[in-house]
There are 2 protein chains.
Amino acid sequence: MKKLLLASTSTLFGANYLDYLLDDLAVFFKDIKTITFIPFARPGGIPHDTYTKIAATAFAKIDKEVVGLHSFSNKEEGIANAEAFFCGGGNTFLLVEQLYSFSILEVLKAKIESGTPYMGTSAGSNIAGISMQTTNDMPIVYPPSFKTMQLVPFNINAHYLDPIPNSTHNGETRETRIKEFHCFNNTPVVGLREGSYLLVTNSQIRLMGTHTARIFKANQRAYETSEIEF
Amino acid sequence: MKKLLLASTSTLFGANYLDYLLDDLAVFFKDIKTITFIPFARPGGIPHDTYTKIAATAFAKIDKEVVGLHSFSNKEEGIANAEAFFCGGGNTFLLVEQLYSFSILEVLKAKIESGTPYMGTSAGSNIAGISMQTTNDMPIVYPPSFKTMQLVPFNINAHYLDPIPNSTHNGETRETRIKEFHCFNNTPVVGLREGSYLLVTNSQIRLMGTHTARIFKANQRAYETSEIEF
């Protein structure tokens, strides 16, 4: 019984943290009292405690308590005892490097696969995929591997952006970058626009929110869909 | 006698490949007959031969010949015999992974440090810096290290983009990403806008082209400058 909620972004323009998701989070975390928050993607500016408080403030609106995984000296124990997880966004390289350096990537994966609900936003969603190789983030640290939790049979591109019409900029579009990924990898990629999220129950995947998703597969033309099937 | 030309981009909007640089390239490569082209950043779509022909077509306009480094079965020998180098853009992860897998990063660095002129655009400029950790590219392959040639005492952010005013997108701005880099690294970063390039002669660095550069240092506010000094 795998149960995931994977969102493109935590925050919509002009809105509060997680606000657009709260109604669905009340259902997703229905029988959960305390959510274990994974703050490790956040590169700086604010400490893990502060980031955890931001999550706690949002979840208080639906009567959930939040505890930061960083507060456990034994992180494996923190994971083992968790009722549910939320992994927030930031930098995916940093998040993956931290999960490997604490040796908890496999532990977390196993706990989620045994049925503990997992919610991710942005970098937190990326790590549910096969690899972190379709992140948009800057490689500010060097992780020992790009392999992630492989809870779903594809990669996510969070904050998916359509090409900007009439752009005079010469940097690659997001679509071009994902096509380049497919020169070396066969993993399908779900381009998830801000406001979209995936609800995963075992092998059933539902696309939620306001947009279609853009699907990229090796050697195929990208296409729009409202039904995710692999 | 180190001699580098490091450009943000190969191509300006609506113009031909390298066109905006050709007058200066005629001077930079004044005594050079044949330029050794490094095509390894290009992730696919076109083979190395085709990419090399694109470079050759541009350089023919200033009477230079171009030979692709990929055409040498012994790449070290190709480097040892080169009169000058041009490394084109593409994906920096791929370029760095290829340089390591051919074991030529240090060989190329030594040859350039001994006075062989080196020109880079985009990914080709990134690898002249301390590390590739301020690339904008997607991690489509896993290089054995992020360390690059360290020919200049800073990192480059090619295709530097100012924040888009009134954007409703929640992805990080370029400036935010570089600030995050500085949470973990002290290397200064030169944000090089399209149309800008650096001319390096030993330790003297001149900013050329139409824009100021944006300089990012750890624990300092970013600033604009037309004079690069470190």
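The values are calculated or read from the model by the stated rules, or taken from the named source; none is laboratory data. A quick note: this is a predicted structure, and the numbers were derived from the prediction, not measured. Cβ: placed from backbone, ideal geometry, glycine included. Neighbour counts: every protein chain shown.
If the condition is being surrounded by fewer than 24 Cβ atoms within 10 Å (Cβ to Cβ), of a type outside the set (Ser, Thr, Tyr) and assigned to a helix (DSSP H, G or I), then region B:1-46 contributes B:ASP19, B:LEU22, B:ASP23, B:ASP24, B:LEU25, B:ALA26, B:VAL27, B:PHE28. Being at pLDDT below 95 and more than 11 Å from chain A (Cβ to nearest Cβ) is a condition met by at least one residue of region B:162-172. Summed over region A:139-157, residues that are more than 8 Å from chain B (Cβ to nearest Cβ) and either more than 26 Å from A:GLN204 (Cα to Cα) or buried (at least 19 other Cβ atoms within 10 Å of the Cβ) (or both) total 10.
Residue count for region B:79-116 under the criterion of being small (Gly, Ala, Ser) and more than 30 Å from A:GLN133 (Cβ to Cβ): the result is 6. Pairs needed: first member in region B:209-230, more than 26 Å from A:PRO43 (Cβ to Cβ); second member anywhere, among the charged types (D, E, K, R); C-beta distance under 7 Å; at least 6 residues apart or different chains. Matching pairs, first to second residue: B:HIS211/B:ARG193; B:THR212/B:GLU224.
Per-residue answers, yes or no, for (1) among the charged types (D, E, K, R); (2) within 14 Å of chain B (Cβ to nearest Cβ):
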position	(1), (2)
A:GLU65	yes, no
A:GLY90	no, yes
A:LEU94	no, yes
A:LEU105	no, no
A:THR121	no, yes
A:ALA128	no, no
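B:ASP49 - would you say it is free of Cβ contacts under 8 Å to residues at least 24 places away in the same chain and outside any loop (DSSP other than H, G, I, E, B)? So B:ASP49 passes the test. A count restricted to region B:197-230 and to residues that are among the β-branched types (Val, Ile, Thr) and either touching a Cys at 6+ places or on another chain (Cβ under 9 Å) or crowded, with 18+ Cβ neighbours inside 10 Å (or both) stands at 4. The number of residues in region B:66-79 being outside any loop (DSSP other than H, G, I, E, B) and either touching a helix residue (DSSP H, G or I) at 6+ places or on another chain (Cβ under 7 Å) or polar (S, T, N, Q) (or both) comes to 9.
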